[in-house]
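First comes the structure, then the notes that go with it.
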Amino acid sequence: MEKKYINFVLTGDKNYIIPITVAITSILINMDKSRICRFFLFTTDFNESDINIIQKLKKKYNFELINIDMNNYKDFFDKMDISTFKNQYISLATYYRLLMFKILPEDVDKCFYIDSDMIIDTDLSTVYDNLTEEKLAYVVVEILAMQHRRTILSHCYEIEDFKNFQNDALKYPYFNAGFFFVNIKLANKLNIFEKMLDFLNRFPNSTYADQDILNAVIGQKYSELINYLEPSYNIFCDIDYEQPFNDALYNEEIIKASFKNPKVYHYAGANKPWINTKVANYYDIWWKYLKLSPYRKMKNPKEKIIRIIENDRYKIYKILFIKITFKKKPRKNKPQKSDIDTIVWWIPFKNLRNAIRNIYYEYKNNLNQSNSRIDNLYPFIENGYLDIHKRFDDLYTSVENRLSDFYNSVKNMILSSSIHPKIFTKYLNVNKNKDVVLIATGPTLNNYIPIRNCVNVGVNHAFKYNKVDLDYLFIQDNKALTYNELKDSVNYGISKCIKFYGIISDREIERTIPKKIYKNSDCNIYIVERAWTPFETFNYNISILPLPSFGSIAFAALNFIAWTHPKRIFLVGCDCSAGGHFVDNKDTSHYGYMLHGWNQAKLFLSYHYPDIEIISINPIGLKGMFKDIYSREGKYFDDDGKEFIF
């Protein structure tokens with residue numbers, strides 16, 4: 001009888017052998033035991049020893065494992081010009097999973113794709129059986145990207161292949177490619193692989209690489225053939241699910257319920273549980289499955305702080321250098337080794353023997369009562385130490401994070417002390433007695449009436465605002481601008497506009513602008529302190545210290561403007577609200593943290609630059625923080641309705 005497999009594809013290199021093994025372990029543990037899993041590993045450098053480690057799982061589970069060397073299939077991409085790849089983090093290997101549509105054996109009719117940084121905590125056989133011949137795929141919508149699609153998915157609004165998404169994003173939503181289930185036979189009939197290659201050749205530098213390809217071809221062209229699984233099938237472990245999700249396809253209650261009871265855990269962030277302890281949620285889930293895998297002897301970093309050793313008689317807590325031992329209660333049916341009769345049997349006088357026995361039993365009863373009281377206290381004592389265990393654990397994570405923040409802060413100071421003197425020293429007090437306008441990108445920028453004879457400092461998309469010519473431009477976020485916009489910013493105002501590009505901390509490397517963008521230009525670079533750390537602050541001497549973030553590039557520009565020491569600073573488009581941006585983006589994240597940044601800015605400016613007047617133009621979130629003026633009928637008026645004279 002022909003075997004009926006449940007098929008899986010996982011990809012990775014030698015660095016991912018452990019997480020791949022743990023992912024496979026989680027699948028096998030939760031799979032219906034009457035089913036047989038077949039795993040296809042798309043790898044480039046796995047050897048026989050690596051495969052044999054995974055095969056150890058066959059002692060408990062019935063499955064097949066097939067390692068496919070991707071070096072043998074590079075010819076599928078022969079027509080691609082790899083030199084056109086602009087993103088330094090994208091290589092040909094990124095696209096290998098697309099080959100699952102082409103090189104799997106003919107008997108593979110349906111197949112899961114699973115990212116190697118996932119844990120499958122559910123039986124996938126039901127999902128496998130429910131995909132009918134008429135349906136092409138099961139996918140999970142990427143809720144964070146959909147909620148903030150005008151920023152995270154801004155590139156999709158510039159590609160013709162995403163026109164359905166552009167017209168109705170909730171009907172043609174964007175899905176995450178870390179977990180999907182596809183009908184291979186139907187995909188071959190529809191020439192899906194060839195269509196994906198065509199997209200790749202036309203857009204070799206799409207922001208999210210193969211995920212964009214899958215969405216453009218499957219999600220946009222064949223949405224009627226797709227079923228959307230609930231978000232519990234792809235829960236990102238580094239997302240704050242307390243934030244609002246009111247525009248992400250799924251009902252917000254479903255999203256929050258899914259977060260509480262995930263079926264698939266996705267450790268997609270920069271922090272991985274096998275690398276460090278900084279994963280925001282569900283760190284212990286991954287280690288639970290690792291301890292059930294062939295790599296069970298691998299040490300959990302958290303165990304360095306607290307270890308629990310247990311046997312039949314003792315339970316020992318080792319907390320740093322402190323050892324706390326609990327002696328367990330003996331089992332009731334276990335006979336005591338000593339008894340009074342073994343001691344007094346040799347006494348020839350019966351009355352004396354009985355008297356000694358009575359004294360012994362009276363003492364024993366009193367002792368038992370005392371032990372009973374101690375036993376009643378035992379759970380409270382143990383719970384107390386378990387609480388200490390948790391507190392030490394939390395303290396360890398907190399200290400580790402703070403040490404990491406401190407390390408990054410010191411690293412940033414070292415970098416800025418070597419880079420900034422050449423960049424910023426010459427701008428000290430350069431705008432003395434001048435007016436400077438900080439042009440941010442909030443919606444109120446559309447209502448701005450340009451002020452004459454001012455120095456204009458713009459951030460990010462501000463260079464697209466054609467009513468003013470910028471004298472300075474700050475760019476620092478690879479996620480805020482598309483690749484084409486970044487190139488346009490480099491070419492903006494050549495020889496007229498001085499441009500600065502920020503370098504963000506290694507922990508946010510995906511947000512840092514690739515060097516290729518500005519390498520051969522006259523642009524300057526500067527160091528940005530990472531946001532959300534206790535070391536982030538405005539600095540009086542930016543010629544040696546980093547510029548702040550506070551969730552917005554406007555603060556780096558503001559710190560620079562203060563360094564030039566103008567007479568007045570006008571804030572334009574600094575809306576600090578959820579209204580979005582003047583270029584039609586419909587959402588702004590972390591504006592609460594930005595407000596914290598503005599409060600810090602006010603303290604900094606009032607202390608170091610009390611002579612600089614700060615004026616907000618058409619303020620929203622900053623209303624009342626500085627002097628406010630409003631545009632009306634081609635003029636500006638203050639809160640009292642008096643015309644503001646420049």
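In table form, for the structure just shown:
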read-out	value
Residues satisfying the stated conditions in region 411-444, i.e. touching a helix residue (DSSP H, G or I) at 6+ places or on another chain (Cβ under 7 Å) and on the phi < 0 side of the Ramachandran plot	PHE424, TYR427, LEU428, VAL430, ASN431, VAL436, LEU438, ILE439, ALA440, THR441
Among (1) among the hydrophobic types (A, V, I, L, M, F, W, C); (2) under 21 Å from ASP121 (Cβ atoms); (3) free of Cβ contacts under 8 Å to residues at least 60 places away in the same chain, the one test that ILE66 misses	(2)
Subset tally (residues that are closer than 28 Å to LEU481 by Cα, hydrophobic (A, V, I, L, M, F, W, C) and surrounded by fewer than 17 Cβ atoms within 10 Å (Cβ to Cβ)) for region 415-448	1
Helices (runs of 4 or more DSSP H) (entirely within region 480-571) containing at least 1 residues that are at pLDDT 85 or above, surrounded by fewer than 20 Cβ atoms within 10 Å (Cβ to Cβ) and of a type in the set (D, E, K, R)	483-491
Looking only at region 449-458, and only at residues there that are among the aliphatic types (A, V, I, L, M) and modelled with pLDDT of 95 or more, the one that is surrounded by the most Cβ atoms within 10 Å (Cβ to Cβ)	VAL457
Top-ranked residue in region 66-125 [being small (Gly, Ala, Ser) and at pLDDT 70 or above; ranked as farthest from PRO273 (Cα to Cα)]	SER125
Cβ-Cβ under 8 Å pairs, at least 6 apart or on other chains, region 620-638 side closer than 19 Å to GLY597 by Cβ, far side aromatic (Phe, Trp, Tyr)	GLY621/TYR591; GLY621/TRP598; LEU622/TRP598; MET625/TRP598
Members of region 484-506 found to be closer than 25 Å to PRO546 by Cβ and among the β-branched types (Val, Ile, Thr), listed by number	VAL490, ILE498, ILE503, ILE504
Filtered residues of region 101-120 (kept if under 18 Å from ILE18 (Cβ atoms) and part of a loop (DSSP other than H, G, I, E, B))	ASP115, SER116, ASP117
In region 255-272, the residues that are outside any loop (DSSP other than H, G, I, E, B) and aliphatic (A, V, I, L, M)	ILE255, ALA257, VAL264
Close pairs from region 599-617: first within 14 Å of LYS567 (Cα to Cα), partner part of a helix (DSSP H, G or I), Cβ under 6 Å, at least 6 apart	TYR609/ALA562
Residue list for region 592-612, filter: part of a helix (DSSP H, G or I), over 27 Å from the mean Cα position of the chain (by Cα), among the aliphatic types (A, V, I, L, M) and surrounded by 13 or more Cβ atoms within 10 Å (Cβ to Cβ)	ALA601, LEU605
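Residue-by-condition table, conditions (1) assigned to a loop (DSSP other than H, G, I, E, B); (2) outside the structural domain of ALA268 (by TED's automatic domain parsing); (3) surrounded by 15 or more Cβ atoms within 10 Å (Cβ to Cβ); (4) on the phi > 0 side of the Ramachandran plot:
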| residue | (1), (2), (3), (4) |
| --- | --- |
| VAL9 | no, no, yes, no |
| ALA23 | no, no, yes, no |
| ILE29 | no, no, yes, no |
| LYS33 | yes, no, no, no |
| PHE39 | no, no, yes, no |
| LEU57 | no, no, yes, no |
| TYR61 | yes, no, yes, no |
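The values are calculated or read from the model by the stated rules, or taken from the named source; none is laboratory data. Nothing here was measured: the structure is a model prediction, and the numbers come from that model. Reconstructed Cβ throughout: ideal geometry from the backbone, glycine too, with neighbour counts over all protein chains shown.
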